[in-house]
Amino acid sequence: MTPAGTAPADNGNLAAKLTQELTRLEKRDWELWMIVGISGVVGACILLCVLFPSTFLQGGEFHLETTISRRFFFVALTLLMLLNTYVLTRRAELRRVRRSSITNTIQSELIRLQSFTDPLTEVFNRRSLDEMAARFISRARRSQEPLTFLIVDVDRFKEVNTKFGHITGDFVLSEVAGLLRSSTRGSDAVVRYGGDEFLIILANTSQQNAATVVQRISDYLGRWNENLHLDNFPLTVTVGMAGWKDGETLDEVLDAADQDMYACKNAKAAKPSS
């Protein structure tokens, strides 16, 4: 499954790389045809030089009287065959290079995407965060649109590993990542920020509208708990939110979201149990 937020940018990068490579090959193809054209012109000039002196006009008609030596004939024929062989060989080579370039570009892009993807949760990993956030921030700065960061922490995750085992813990993380993807759009990004923490980057979204996403996550998680995936252990998450402001660094906005998340956790802990 492709992580949220990859399609527009990554497909654009892949298309740009393929276009650049195919343009380069097309230029080589045109250069090859120029060689053929120039060779044809040179050959025609040589032929005219041989035939023109022996041309004379008689009775309103052109007459050609010329003699070509056997050596000249075979040399010309050999050169023509070599030229055709060269052209055909080069064109076949260009076709192979074109196919290889397309295949290698696609494979390289897939490897790059895999290196930025967390294998367990199939969302972006921490390694991709700087590049991804820079792209979102640059877009928000140009368009003057709001940008909101959410830090999502899985509550009592250590208890999940202790009580149900690490395999179940991995299952829970994968399920939470799926819920977060379902709660966001394709233009957003979901990143595995830490062991049991996720980061969501919401493009063109104010903090007020981001609250709708937080509520959607809570609703999806509530329905997930109704299916009793964890026996007598309702799974909950705590979400911290921060809006990016122009001039603010990534570390600053993440620190603000982190502080908001811990403030929400403290508020939960202080709230009396019902």
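Every read-out reported here was derived from the displayed coordinates using simple, explicitly stated rules and does not represent laboratory data. Predicted model only: the values in this text are computed from it and were never measured. So basically every Cβ, Gly included, is an ideal-geometry build from the backbone, and we count neighbours across all protein chains shown.
Points worth noting:
- Virtual spin-label span in nm between Asn209 and Ile167, 7 Å along Cα→Cβ: 4.3 nm
- Our estimate of slack between Arg139 and Ala267, defined as 0.36 nm per intervening residue step minus the Cα-Cα distance, is 42.6 nm.
- Those lysines that a straight Cα-Cα span of less than 16 Å connects to Lys158, excepting residues fewer than 8 apart in one chain: Lys265
- Pairwise FRET efficiency - Ser174 versus Asn104, Cβ, R0 = 41 Å, nearest 0.05: 0.80
- Mean shadow area of segment 69-171, taken as a quarter of the surface of its Cα convex hull (nm²): 13.5 nm²
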